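All remarks here apply to the structure that follows.
The values are calculated or read from the model by the stated rules, or taken from the named source; none is laboratory data. What you see is a predicted model; the values in this text were computed from it and never measured. Heads up, the Cβs are rebuilt from the backbone with ideal geometry, glycines too, and the neighbour counts pull from every protein chain shown.
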Amino acid sequence: MFCCLLRPNNAYTLFIIIVTLILSNNVAKSYRAVAVIHGILTGSDSMETITNRIKEMHPGTQIYNTQRYAGWSSLEPMWRQVEEIGNDILSIGAAFPEGINLLGYSQGGLLARAILQRFPDHNVKNFISLSSPQAGQYGTRFLHLIFPDLMCETAYELFYSKIGQHTSVGNYWNDPHHQELYYKYSKFLPLVNNEKNKTVSKYGLIKLDKMVLIGGPDDGVITPWQSSQFGYFDKNETIVEMHNRDEYKNDLIGLKTMDKQKKLIFHTVPGIPHFEWHKNISIVDQFILPYLN
């Protein structure tokens, strides 16, 4: 019986099948290139834990870790950074017509989101926002290195001025108690959110395959932490989560459309302080690598 089954042609076919299966399991999977944008007052070196882990777990991945606007220069106005880094992203994308992935940490995540809207012809597939003030910031803990005497209650006096709007932080400072001044003076966040003037395209987000929003209650810097997932304070400092905000309900930047298409992914992770998100291997493995296809 066995002799009949293993006639020369059958034996050769079986051999080819076995070799093909072995080779297919050993060929490295091809992953899309990844562009990475660091946070405020840091630089590309701060993102090396993430980039090194990606290289280790996804061998052969091309990674572009921006060196622009490191250190104090990260305080330059947001639109200036969006233009320069955004053109870099477009150049990277042009080199990989099959598409790239984009990751931004802290301020870098808000920059990345603005880039996607400012340059809707991008070819980014998945965007990962890692503890970023997507709905704004109303907390001064991380600012005391720059402004040691700054208080939340009076910070608007600085940030809602011509001088204050020359800083990146001033551009996304969102004081829930002084919304009239926010809309009047802020030159960045209300424009990026299409809350006035319909400045940028929402299609730069809608065209994504996935937008992954990572944050958590023990962040300690992004205030409120729900800003990392488009939630924010009302005038009483009560949290209004994304689905109940006008930005979502009126689909100003495409969040509602993306949500219906199941393109929005939320990961809320307790126990992670702000300055550990990009240094925690477990965060990279569980919440970043699965989206870097």
Residue ID - surrounded by the most Cβ atoms within 10 Å (Cβ to Cβ), chosen from residues in the range 179-192 that are assigned to a helix (DSSP H, G or I) and either of a type in the set (S, T, Y) or modelled with pLDDT under 90 (or both): Y182
Residue satisfying all of: in the range 193-219; at pLDDT 95 or above and farther than 21 Å from V124 by Cβ; surrounded by the most Cβ atoms within 10 Å (Cβ to Cβ) among these: D219
Candidate set from the range 270-293 (those that are in contact with a strand residue (DSSP E or B) (Cβ under 7 Å, 6 or more places away or on another chain) and under 23 Å from T223 (Cα atoms)); member that is surrounded by the fewest Cβ atoms within 10 Å (Cβ to Cβ): F287
When residues of the range 48-90 are limited to those that are part of a loop (DSSP other than H, G, I, E, B) and of a type in the set (S, T, N, Q), the one surrounded by the most Cβ atoms within 10 Å (Cβ to Cβ): T66
Of the criteria (1) within 11 Å of G204 (Cβ to Cβ); (2) surrounded by fewer than 24 Cβ atoms within 10 Å (Cβ to Cβ); (3) within 16 Å of the chain's Cα centre (by Cα), which one N126 fails: (1)
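Identify, from the list K196, K235, K262, the residue that is in a loop (DSSP other than H, G, I, E, B), in contact (Cβ under 8 Å) with a residue 24 or more places away in the chain and among the basic types (K, R). Please lay out each step first, then the result.
Working: K196 fails: in contact (Cβ under 8 Å) with a residue 24 or more places away in the chain; K262 fails: in contact (Cβ under 8 Å) with a residue 24 or more places away in the chain.
Answer to the selection: K235.
Conditions (1) closer than 24 Å to D209 by Cα; (2) within 17 Å of the chain's Cα centre (by Cα); (3) not hydrophobic (A, V, I, L, M, F, W, C), marked per residue:
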{"site": "V34", "(1), (2), (3)": "yes, yes, no"}
{"site": "S44", "(1), (2), (3)": "no, yes, yes"}
{"site": "I50", "(1), (2), (3)": "yes, yes, no"}
{"site": "E56", "(1), (2), (3)": "no, no, yes"}
Residues of the range 238-256 that turn out to be in a helix (DSSP H, G or I) and either in contact with a Leu (Cβ under 8 Å, 6 or more places away or on another chain) or of a type in the set (F, W, Y) (or both), as a count: 5
